[in-house]
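One structure below.
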Amino acid sequence: MFQGQAAPSNQIHDFHPPISPSGLYWVVPVPEGGLIITPDGQTATLEMKDVAVVDQPKWPAIDAVGMPAIMSFRMIWKATDEKIIYDDPQKQFRVEGYRATAQLEAQVKVPSIDFSWKSDPLSESHANFAIIGDEVNGRYYNPMK
């Protein structure tokens, strides 16, 4: 989150999951029932409640102080009929899917500084670009024929 223009000097909050004991970062487990995909694969809903995150405004600075925070969000993707294929054999990366709409509502709390923030409701949210589909990379990549 920024106060004013999106520039490092104006950053007032940066929320991310803590680094796991295994060293994995920016990833949290999705609880049972947290991801729902319709039987036709055209709509996906991800809902997470009370996820433990860190508010670390000066990240990635080595001396960045972090404060415990809690985040909840709901995101919905809905596929359109527009097929998307992006294939880059040199980078061993491919995405196949459909252009989609995406909506998000979220809220976050940082109890130690009595800070909370809530987005506009899901009904007022829209993204300029989203894809719902499959991605492969690295050793799982096979060139298209």
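The values are calculated or read from the model by the stated rules, or taken from the named source; none is laboratory data. Model, not experiment: these values are computed from the prediction. So basically every Cβ, Gly included, is an ideal-geometry build from the backbone, and we count neighbours across all protein chains shown. Side chains included, ligands, DNA and RNA excluded: accessible areas come from the protein's heavy atoms. Shrake-Rupley method; radii C 1.70, N 1.55, O 1.52, S 1.80 Å.
For the reader, a short list of remarks on this structure follows.
- Applying the condition of being of a type in the set (G, A, S) and at positive phi to segment 32-54 and asking which residue is most open to solvent (accessible area, probe 1.4 Å) yields G33.
- Scope segment 15-36; condition at pLDDT below 85 and either under 15 Å from the mean Cα position of the chain (by Cα) or among the acidic types (D, E) (or both); matching residues: Y25, W26
- Output for segment 5-21, where each listed residue is farther than 15 Å from V53 by Cα, free of Cβ contacts under 8 Å to residues at least 24 places away in the same chain and either part of a loop (DSSP other than H, G, I, E, B) or in contact with a His (Cβ under 7 Å, 6 or more places away or on another chain) (or both): Q5, A6, A7
- Taking every residue in segment 52-65 that is modelled with pLDDT under 75 and of a type outside the set (D, E, K, R) and pairing it with any residue that is open to solvent by 30 Å² or more (accessible area, probe 1.4 Å) and not in a strand (DSSP E or B), at least 6 positions away or on another chain, the pairs with Cβ-Cβ distances below 7 Å are W59/D14.
- Given (1) in a strand (DSSP E or B); (2) within 24 Å of F15 (Cβ to Cβ); (3) without any contact (Cβ under 8 Å) to a residue 40 or more places away in the chain, number of the condition K83 does not satisfy: (2)
- Any hit, segment 14-31, residues being open to solvent by less than 70 Å² (accessible area, probe 1.4 Å), closer than 30 Å to K145 by Cβ and either small (G, A, S) or touching a Gly at 6+ places or on another chain (Cβ under 6 Å) (or both): no
- Residue in segment 90-145 that is surrounded by the fewest Cβ atoms within 10 Å (Cβ to Cβ), counting only those that are of a type in the set (D, E, K, R) and in a loop (DSSP other than H, G, I, E, B): K145
- Here D63 does not qualify as in a loop (DSSP other than H, G, I, E, B) and closer than 30 Å to Y98 by Cβ.
- Residue match in segment 25-43 (condition: outside any strand (DSSP E or B), closer than 28 Å to N128 by Cα and touching a His at 6+ places or on another chain (Cβ under 8 Å)): yes
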